[in-house]
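Here is the structure we will look at.
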Amino acid sequence: MDYQMPITGTDIWYYYICKREVWLMKHQIAPDKEDEALDIGRFISETYYQRNKKEMSIGNIVVDRVRQEDGQLVIGEVKKSSRYMKSAKMQLLYYLDTLRQMGIEAKGELLFPEERKKETVEWTEEAKQELKQTMEDIRRIARMPVPPVPEKIHFCGKCAYREYCWAEE
C-alpha cells in the first residue's frame, strides 16, 4: 500500500504564501505561540459570526462555519483579510473537495469580517487539478531533508516563524 502523507487546510493555506513555512509545519516545528498575529486570528475566530458559529471537524479538516441555505450545505472559512485571497480560496476548495470525496456536496464562502466582505467559492474540475498538483508539491517539500531557503516576502514581518528564518539579520 502506498502511504499518502496527510495534508491539512493549513498546509494548503501556507503553500500559497510561503513554502518554507509548509516545511516547518510538516516537520512539527512550532511557531512562536506568543505571536500577535496568531492572537488576532484566534480573537477574530472567537468573536465574529457567533450566532452562525458551528465549527465542524471532519477527518483532517476543520471548517469554521457550517449552515444550510435553501437546502444546500454552505461551509464558511473566516479570514482576517482578503489580502491572501488565493490561499484562502484554495484552502476552502480543499475542504469542498474533501467533503465531495465523502459524498457531501457543498458550496463555500470566504468571510472577511473586518472588511465586511464575503466571497463565494465553488468547486470546479480545474480547481481540482490545481489542488492535486499543490498536494503533490506539499508532499515533495515535506520530504526535503532541510527547509527551502527563506525568501523575504511581505508576509515575513507578521509571520510567527520570522525569528526562525531571520534571526541572524
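Observations on the structure shown:
- The GluC sites (Glu not before Pro) found in segment 58-143 that occupy coil by DSSP, while having at most 15 further C-beta atoms within 10 Å, are Glu105, Glu122.
- Computed in the context of the full set of protein chains, the accessible area of segment 46-167 at 1.4 Å probe radius has 48% of its extent on carbon or sulfur.
- Tensor-based shape of segment 70-169 (alpha-carbon gyration tensor, a/c under 1.5 rounded, otherwise prolate or oblate): oblate
- Listed values for segment 101-116 are Karplus-derived 3J(HN,Hα) couplings in whole Hz (6.51 cos²θ - 1.76 cosθ + 1.60, θ = phi - 60°), namely 5, 8, x, 10, 8, 8, 9, x, 9, 9, 10, 10, x, 5, 9, 6, and x replaces Gly and Pro.
- Separation in nanometres of the label points that stand 7 Å from Cα toward Cβ, at Met56 and Glu69: 1.5 nm
- Segment 84-100 - phi-based ³J(HN,Hα) in whole Hz, Karplus 6.51/-1.76/1.60, Gly and Pro as x: 10, 4, 4, 4, 5, 5, 5, 4, 5, 4, 4, 5, 4, 5, 4, 4, 4
- Extension gain for the segment Ile104 to Glu122, taken as residue separation times 0.36 nm less the Cα-Cα distance, is 5.1 nm to one decimal.
- Area accessible to solvent at Tyr15, 1.4 Å probe radius, in Å²: 30 Å²
- Maximal additional length on extending the Ser81-Trp166 stretch stands at 28.1 nm, based on 0.36 nm per residue less the C-alpha distance.
- Accessible surface of Arg100, taken over heavy atoms with a 1.4 Å probe and every protein chain present, rounds to 90 Å².
- Pairs exceeding a 23 Å alpha-carbon distance, out of Lys89/Lys128; Lys86/Lys132; Lys132/Lys152; Lys107/Lys132; Lys19/Lys128: Lys132/Lys152.
The values are calculated or read from the model by the stated rules, or taken from the named source; none is laboratory data. Everything quoted here is computed from the prediction, not taken from an experiment. Positions of Cβ are generated from backbone atoms using ideal geometry, with glycine treated the same way; all protein chains shown enter the neighbour counts. Side chains included, ligands, DNA and RNA excluded: accessible areas come from the protein's heavy atoms. Shrake-Rupley method; radii C 1.70, N 1.55, O 1.52, S 1.80 Å.
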